[in-house]
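Right, one structure below, let's go through it.
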Amino acid sequence: MLGFLTARQAGLDDPLRLRRAESTRRVLNLKLNPDRDVDRIHGNGINSIDIETIEGRYMLSGGADGVIVIYDLDNYSRKPQYTCKAVCTVGRSSRHVHKFSVETVLWYPYDTGMFVSSSFDKTMKVWDTETLKPAEVFEFESNVYSHHLSPIAKKHSLIAVGTKNPKIQLCDLKSGSKIHVLQGHKAEVLSVRWSPRYEHILATASADSKVKVWDVRRASGSLFTLDQHNGDKSKSASEAVNTAHNGRVNGLSFTADGLFFLTTGTDDRMRLWNSATGENTLVNYGKVCNESRKGLQFSVSQGCSPEFVFVPCGSSVAVYVLHTGELVTMLRGHYNNVDCCKFHPDHQELYSGGKDGNILAWVPVLRTSDVEEESDQKNKGAADSSGVNRAFQDAWSSDED
């Protein structure tokens, strides 16, 4: 730590290097915090969680019981032991509540005054946070598995929606209507994600084993379909051509810079792809247990060097190094399968939700004082027996001397 500070002060180091190093250290020291609880509100499993990026203070959760909860993550008591309280809830008593399981919840990227939820009741609702009433309701012909809003879009306000129907729906927030359909998949679409780099690029993952990348400005089909064998026909059977996985693809996430994205499938594999070319980078993450029949929400770190991936794996959360595939650790604490997790880049914390109805907070262990600092303090104590800091000692000479 002292070396980083000295190099930064002397102008020898990149100003962000210290921040990246400390962020990485914190992620590598994530532990289940016994002093921090999250209010247990859901009576059933938790399918999705999201943390808003404006203040980094409020967390959304959506459960299999149809309930949506907003939590305040701030610690106002300033005590080491505290509970993240539920600020408000769209519970079973509300007439606006989803009738069936809530599959995805997302904050509006530019304002905490709005959030969006989708459910197996064949609806997607745009909520006013203040009144907890839907400002807009989109209805579909089949169950909704996933939806996503672009985190950077300025020229459009589209929500991409994946349903049991193979067609991807694009809904416009401004007009409140479904304006476009993307056709190409042959089975239900389990996950959709907008690129954090280009506002018009969309990636979709389906139960037909395929992942497609689209430019929504083009009327023709997808830009390309991912191929796990990178076009090498000798390695793939005829039925496996242009497939990303050998099973249902139920997880999809871009890296923070948008240069790569990850997919997970029921073939117990996770793959890293170049988002510009669609090339499989062939990073080997080993066996990544995945038994989910629905969408799987995993998370990628931000501001670390190297970056990390947090993936639900049975009743644990597996932590991998993004570009090498090395398994760093397994975060164990849930009593049942984990379905979602969300990384908090402001504090390098992780929140995970599972079928046990609990949301667990994984927090970095506090840094122990450096050996150099301790020895310096001992030397100073021996030199200054008076215990008074030399900066406050009277150094003026006297006329009598």
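The values are calculated or read from the model by the stated rules, or taken from the named source; none is laboratory data. Worth saying up front: this structure is predicted, and the values here are computed from it rather than measured. Here the Cβ positions follow ideal geometry from the backbone for every residue, glycine too, while neighbour counts run over all protein chains shown. What goes into the accessible areas is simple: the full protein's heavy atoms, side chains included, and nothing from ligands, DNA or RNA. Shrake-Rupley method; radii C 1.70, N 1.55, O 1.52, S 1.80 Å.
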Subject >> Computed E for residue 242/residue 180 - FRET, C-beta separation, R0 22 angstrom, nearest 0.05 >> reply: 0.40
**OP:** Return the FRET efficiency for the residue pair residue 289, residue 10: r is the Cβ-Cβ distance, R0 is 56 Å, and the value is rounded to the nearest 0.05.
**Re:** 0.70
Original post:
Using a 1.4 Å probe, how large is the accessible area of residue 58, given in Å² and rounded to the nearest 10?
Top reply: 50 Å²
Original post:
How much of the accessible area of the chain, in percent, comes from carbon and sulfur atoms when a 1.4 Å probe is used?
Top reply: 47 percent
Original post:
What FRET efficiency, computed as 1/(1 + (r/R0)^6) with R0 = 41 Å and r the Cβ-Cβ distance, is obtained for residue 141 and residue 31, rounded to the nearest 0.05?
Top reply: 0.35
**OP:** Could you pull out every whole DSSP H run in the chain that spans at least 27 Å of Cα extent along its own axis and averages 0.5 or higher on the Kyte-Doolittle scale?
**Re:** none
Original post:
Label points 7 Å out from Cα along the Cβ direction at residue 96 and residue 152: separation in nm?
Top reply: 3.2 nm
Subject >> D (Stokes-Einstein, µm²/s), Kirkwood Cα radius, segment 25-364, 1.002 mPa s at 20 °C >> reply: 107 µm²/s
Original post:
Based on Cβ point charges of +1 for Lys and Arg and -1 for Asp and Glu, what charge dipole magnitude is obtained for segment 81-207 about its Cα centre, in debye rounded to the nearest 20?
Top reply: 120 debye
**OP:** Write down the accessible area per residue of the chain in Å², having rolled a 1.4 Å probe over the full set of protein chains.
**Re:** 50 Å²
Original post:
When all protein chains stay in place, what accessible area (Å², nearest 10, 1.4 Å probe) is found for residue 269?
Top reply: 100 Å²
**OP:** Could you state how much accessible area residue 324 has, in square angstrom rounded to the nearest 10, with a 1.4 Å probe and all protein chains kept in place?
**Re:** 90 Å²
**OP:** Using 0.36 nm per residue of separation minus the Cα-Cα distance, give me the extension gain between residue 346 and residue 332 in nm, one decimal.
**Re:** 2.7 nm
**OP:** Name the lysines eligible as straight-distance cross-link partners of residue 31: C-alpha to C-alpha under 24 Å, and not fewer than 8 places from it in the same chain.
**Re:** 79, 85, 287, 342, 355
**OP:** Calculate the dipole size of segment 209-318 relative to its Cα centre from +1 charges on Lys and Arg beta carbons and -1 charges on Asp and Glu beta carbons; express the result in debye to the nearest 20.
**Re:** 300 debye
Original post:
If you put +1 on each Lys and Arg Cβ and -1 on each Asp and Glu Cβ, how big is the dipole of segment 25-364 around its Cα centre, in Debye rounded to 20?
Top reply: 280 debye
**OP:** Tell me what the chain gives for mean residue ellipticity at 222 nm when only DSSP H runs of n ≥ 4 count, each as -39,500 (n - 2.57), the sum divided by the residue total, rounded to 500 deg cm²/dmol.
**Re:** -2500 deg cm²/dmol
